[in-house]
Each structure stands twice: as C-alpha cells, then as structure tokens.
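The values are calculated or read from the model by the stated rules, or taken from the named source; none is laboratory data. Since the model is a prediction, treat every value here as computed from it, not as a measurement. As a convention, Cβ positions derive from the backbone with ideal geometry for all residues, glycine included, and neighbour counts pool all protein chains shown.
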Amino acid sequence: MVARIKKNDKVVVLSGKDKQKQGAVIEILPKIGKIKVKDVAIVTRHCKARKAGEIGGIKKEESFIDMAKVMPICVSCKKACRVQTKILENGKRARSCGRCEAIF
C-alpha cells in the first residue's frame, strides 16, 4: 500500500485554526492518523530543567493534527490534490496527482 502523505511532503491545512497554511511534514504517526507540519498548530510548552546544564523556559513547538485535515500539494501544478496510485512499467506503485496525473 502506498502512503498518501510522506515525510518532507508539502501540504496545505484544510480546516481548523490554521486553515490555508502550508508547510512541510515533519513527522507522521500512521497508526493513529496524526501528522506534524512545520509552523502549523504551534503550542506553548513550559519546560523545567531536568538535568545539569539544561535550560528550562517557555518553548513554542508544533503539535500533531489529524491527517484528514491536510492535503498534499502537487509539485507540478502547485495545487492541493487527491493522491492516486499508478503502477509503473517496472511493477512498482507510485503516487500521482489526481488533477494533472503527474508522479510525485
């Protein structure tokens, strides 16, 4: 089975407080359907220094959002697209754009 979204893909957020924001995928948790996107869903964490030399403080970092809230951006037509699968000549499967049918 081919994954719809992979690490380092460029995606657009479809719903929520960060609607229409774009970013690269940092991390994916496919078993629970969560995804972490750069500069999307920023949360504030209050961290305490646990070890000697470690600095505590307030840190802003990305949190996980639902995978259903994002859609990949095609590299050729630069629009959000549904992912199709194509079987290549060598028998392998590849992801393709649902609009322009370009392989990415």
Can you tell me how many residues in region 50-101 are loosely packed, with under 11 Cβ neighbours inside 10 Å and among the β-branched types (Val, Ile, Thr)? 3
Output the qualifying pairs, or none if there are none: Cβ atoms under 6 angstrom, residues six or more apart or on different chains, first residue in region 48-60 and outside the structural domain of Lys36 (by TED's automatic domain parsing) and assigned to a strand (DSSP E or B), second residue loosely packed, with under 10 Cβ neighbours inside 10 Å and not charged (D, E, K, R). none
Under the condition of being in a loop (DSSP other than H, G, I, E, B) and among the basic types (Lys, Arg), which residue from region 29-47 is nearest to Asp66 (Cα to Cα)? Lys31
